[in-house]
Amino acid sequence: MQSVSEIMQRRQSVRAFSDTQVEESELREILELAGLAPSGGNVQPWTVIALTGAALDELRAQVKQTLESGGGGDGPEFPVYPEGMVEPYRSRRYACGEKLYKALEIPREDKMGRVTQVMKNFEFFSAPVGIFLFMDRSMAEPQCLDMGIYLQSLMLLAEERGLKTCPQVSWTTWPKTIAKTLDLDSDQKLMAGIALGYAAEDQPVNSLQQDRADSGEWLSIRGY
């Protein structure tokens, strides 16, 4: 059996999926087990909607129609990144993007190629399952931490089963379209999307491993 340590070291964000379908029983098991994640006061603030098949096709069609008519999203639920991001975070974000486009062989001057790649976010990178995480708008910042714990639990459970994921805050720029398509109440705040499925093994982008900062930059252990 794989250890959590092994799964953590192997997990990566996949941006090209095969068309192999995910069994409903397996998907349900992953999503339900992730619900065992801890949350402050056990409030369990997450609402989870998973789409596949015709339901996922309908959402993709709605987004595509909006894009083709000149739309560019509904306006974000919240800023994806802080304005005026300071170092070292700004450089880390820049390096992440450049390494991704290098793996995709899309040079900086190929503006259209980069835009096309960004738009693949809104197809869930062709994954057979698209998942949305919502949180009631009455919740506050501490419950955002709970949402992150659920998300990480989901990704590790998927990895344990040979499935791959890509967490996507980019979907939070489409809250109105998603709410309308899924017939949701306005009290649900879209927190993230997640692409889930089996990796397309022949795609170079899936061999990409992003760098991690040395622990000396962020870790301090005191008292020993």
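Annotation note: Cβ proximity below 7 Å between a residue of the range 199-213 that is more than 11 Å from PHE17 (Cβ to Cβ) and modelled with pLDDT of 90 or more and a residue that is part of a strand (DSSP E or B) and β-branched (Val, Ile, Thr) (sequence gap 6+ or interchain) occurs for no pair.
Has the range 100-113 got any residue that is outside any loop (DSSP other than H, G, I, E, B), free of Cβ contacts under 8 Å to residues at least 24 places away in the same chain and among the hydrophobic types (A, V, I, L, M, F, W, C)? Among the residues of the range 100-113, at least one is outside any loop (DSSP other than H, G, I, E, B), free of Cβ contacts under 8 Å to residues at least 24 places away in the same chain and among the hydrophobic types (A, V, I, L, M, F, W, C), which makes the answer yes.
Of the numbered criteria (1) over 22 Å from ALA55 (Cα atoms); (2) in contact with a Phe, Trp or Tyr (Cβ under 9 Å, 6 or more places away or on another chain); (3) at pLDDT 95 or above, the one LEU196 fails is (1).
A residue that is under 14 Å from PHE124 (Cα atoms) and either at pLDDT below 95 or of a type in the set (Ser, Thr, Tyr) (or both) occurs nowhere in the range 65-88. On the given criteria, is ALA158 crowded, with 23+ Cβ neighbours inside 10 Å and assigned to a helix (DSSP H, G or I)? Yes: the conditions hold for ALA158.
Taking the range 114-144 as the range and being part of a strand (DSSP E or B) and surrounded by 17 or more Cβ atoms within 10 Å (Cβ to Cβ) as the test, the residues that pass are VAL129, GLY130, ILE131, PHE132, LEU133, PHE134, MET135.
The values are calculated or read from the model by the stated rules, or taken from the named source; none is laboratory data. Computed from a predicted structure; not experimentally measured. Glycine gets a Cβ as well: all are built from the backbone with ideal geometry, and neighbour counts include every protein chain shown.
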